[in-house]
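These notes are about the structure you will find just below.
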Amino acid sequence: MTDATNAEPGMQQRTADSGEAHGRTRTGSSLVDLSTLVDAEIDELPAAEPTRVGSRRALAYLGVCLVLIGLNLRSVFSSLSAVLPEVTSQAGLPGWSVVVLTTVPVTLLGVFAPVAPVLARRFGAERVLLGAMALLTAGLLLRPVDTGAAAAGSGHLPALLVGTAACGAAIALCNVLLPGLVKRDFPHRLGLMGGLYTTAICASAALGAGFTYPVYTATGEWTKALWVWALPAAVVLLLFLPVALRQGTVRHQAVRDGINVWRSPVAWQVTIFMVLQAMMSFSGFAWLAPILRERGVDGATAGLIVAVCIVLQMLGSLFAPALAARFRDQRAINTVVALMTGGGFVLSILGPLNLIWVWAGLLGLGQGSLTAAALTLIMLRTRDGHTAAHLSGMMQGVGYGVGSTGTLMVGQLHQATGSFVPAGILFMVVGLLAAVFGYWSGRNRFVE
């Protein structure tokens with residue numbers, strides 16, 4: 001069995017080196033940032049090999065599978081948000097469970113992030129991705145199940161909790177391992193694959209926000225509106241199955257040297273910046289649609305507004321890293337996009353409703369730029385790939401784990417007051433703090 005990624009190794013290596021040296025490359029007319037493609041397996045010994053494929057056609061098939069996996073990584077969050085009022089009322093959910101359902105999957109992104117490289121060393125990244133897609137499919141199938149008959153009248157709540165947790169754990173594994181596979185298997189097409197991969201993730205959230213409520217309207221059942229998202233996950237699972245099973249298993253050891261990022265003030269500044277952006281990012285996925293609906297926007301329009309907001313996030317994520325890399329430091333752009341995001345949230349809650357499209361647009365452009373700016377700092381604040389991988393692990397573990405308190409606080413504030421107005425004050429504070437830590441982490445310093 002030959003490996004198509006080993007064809008013309010000299011040319012591929014030169015192309016990869018050129019792409020990494022510039023930090024970005026062109027895909028059509030758009031600049032696609034590649035600095036977020038951190039290889040989680042970079043500390044393995046022996047080094048992880050490219051995925052085994054038999055031809056260029058098989059390599060293209062692998063690329064399609066990786067992009068389709070990305071297309072399933074955010075619909076979990078936005079689909080539940082789109083029909084949250086219907087799920088809450090029709091399933092008779094207690095207030096605390098709504099808070100848990102919007103918080104747990106984000107928390108698990110941080111909890112399971114350090115587990116992904118460990119599993120990859122034992123089973124291989126491809127097989128771990130396969131297992132993650134199987135877990136994601138199972139979680140999506142389980143979420144709407146009525147367990148009343150089997151669990152003493154408990155209704156939908158147990159399945160919702162377990163299914164949502166399974167989805168969060170699966171997405172965490174994919175979040176960590178997918179970028180490394182894209183970077184490792186497509187060194188000669190990093191611009192194309194990087195653009196398709198990042199766009200697919202954003203599109204996943206937009207699709208979940210835009211189509212879940214129309215499915216509910218057509219079927220009259222929120223369970224079917226959530227079940228529909230298990231179908232694309234199951235299709236990708238079947239498509240990726242032969243690729244993953246073809247790979248051999250090689251035991252790897254972790255290299256235990258290099259810079260200790262946990263002792264670096266710069267690393268902590270960047271990580272806290274990541275925490276604050278995650279608080280706003282996942283609160284948007286979980287709560288923007290309910291916020292709009294409480295303000296009187298109908299379900300279909302609210303879903304469309306959230307979907308457009310996410311599409312604008314895609315635009316921000318494409319251009320912000322390229323802009324940030326042009327400057328000596330990133331203090332100005334970090335501060336501006338943090339204030340845009342916080343301001344967009346506050347105005348979506350407290351601003352005039354007739355300008356809601358403007359506020360959502362401000363939020364979308366700000367949030368996409370903010371997330372991309374935070375992730376770009378992984379490369380801009382480190383001198384080598386090993387340190388970048390360690391900083392990435394720290395940012396994901398702490399960033400998502402602590403960042404999930406954003407969705408938790410919004411839910412608790414709403415449950416305690418019956419209004420999202422206190423959440424507007426919360427986002428004002430978080431946005432200002434993000435601007436402060438964005439300014440600090442944007443200084444031209446390195447993790448040492």
(Q) What is the percent carbon and sulfur in the accessible area of region 191-330, measuring with a 1.4 Å probe over the protein chains and ignoring ligands? (A) 66 percent
Q) How would you rank 104-111, 115-122, 76-83, highest first, on the average number of other Cβ atoms within 10 Å across their residues? A) 76-83, 104-111, 115-122
Q. How would you classify region 182-229 from its alpha-carbon gyration tensor, with a ≥ b ≥ c the square roots of the eigenvalues: rounded for a/c under 1.5, else prolate if a/b is greater than b/c, otherwise oblate?
A. prolate
Q: Please report the orientation-averaged projected area of region 213-358, defined via the convex hull of its C-alpha atoms, in nm².
A: 14.3 nm²
(Q) Accessible area per residue for region 71-136 in Å², computed with a 1.4 Å probe and the full protein assembly in place, what is it? (A) 30 Å²
Q) In region 258-337, how does Rg compare with the Kirkwood Rh, expressed as the Rg/Rh ratio over alpha carbon atoms? A) 1.11
(Q) Quick check: the distance between the Cα centres of region 371-448 and region 172-190, to the nearest angstrom? (A) 23 Å
Q: Report Rg(Cα)/(2.2 N^0.38 Å) for region 292-435, keeping two decimals.
A: 1.13
Q | Whether region 160-297 is rounded, prolate or oblate, judged on the alpha carbon gyration tensor where a/c under 1.5 counts as rounded | A | oblate
Q | Proximal charge balance of SER264 [Cβ under 13 Å; K/R count +1, D/E count -1] | A | +3
**Q.** Computed P(r) (all Cα pairs; region 370-448; 10 Å bins; percent)
**A.** 16, 40, 27, 14, 4
**Q.** Over region 132-212 - Rg/Rh using Cα atoms and the Kirkwood inverse-distance radius
**A.** 1.15
Q) So what's region 74-205 giving for Rg/Rh, alpha carbon basis, Kirkwood Rh from the mean inverse pair distance? A) 1.05
(Q) With the crude spin-label approximation of a point 7 Å out along Cα→Cβ, what separation in nm comes out for ILE425 versus THR219? (A) 4.1 nm
Q. How much area per residue is accessible in region 196-248 when the probe is 1.4 Å and only protein heavy atoms are counted (Å²)?
A. 42 Å²
Q: Report the net charge of residues surrounding LEU245, where surrounding means a beta-carbon distance below 14 angstrom and charges are Lys +1, Arg +1, Asp -1, Glu -1.
A: +2
Q) Which semi-axes, in whole Å and largest first, does the equivalent ellipsoid of region 42-143 have when worked out from the alpha carbon gyration tensor as the square roots of 5 times its eigenvalues? A) 34, 18, 10
Q) Expressed as a whole percentage, what fraction of the accessible surface of region 50-141 belongs to carbon and sulfur atoms when a 1.4 Å probe is rolled over the protein heavy atoms? A) 71 percent
(Q) With an 8 Å Cα cut-off and a minimum separation of 6 or more residues, compute the relative contact order for region 294-415 in percent. (A) 31 percent
**Q.** Packing-based order for 209-218, 128-137, using average beta carbon neighbours within 10 Å, highest first
**A.** 128-137, 209-218
Q. Between LEU161 and PHE446, what length comes free when the chain is fully extended (0.36 nm per residue of separation minus the Cα-Cα distance, one decimal in nm)?
A. 98.5 nm
Q: Sort 363-370, 418-425 for me by packing, meaning the mean count of neighbouring Cβ atoms within 10 Å per residue, highest on top.
A: 363-370, 418-425
(Q) Just to confirm my numbers, what's the Cα centroid distance between region 201-236 and region 272-351 in Å? (A) 22 Å
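The values are calculated or read from the model by the stated rules, or taken from the named source; none is laboratory data. This is a predicted model, so every value here is computed, not measured. Every residue, glycine among them, receives a Cβ derived from its backbone with ideal geometry; neighbour counts consider all protein chains shown. The area values use the complete protein model at the heavy-atom level, side chains included, leaving out ligands, DNA and RNA. Shrake-Rupley method; radii C 1.70, N 1.55, O 1.52, S 1.80 Å.
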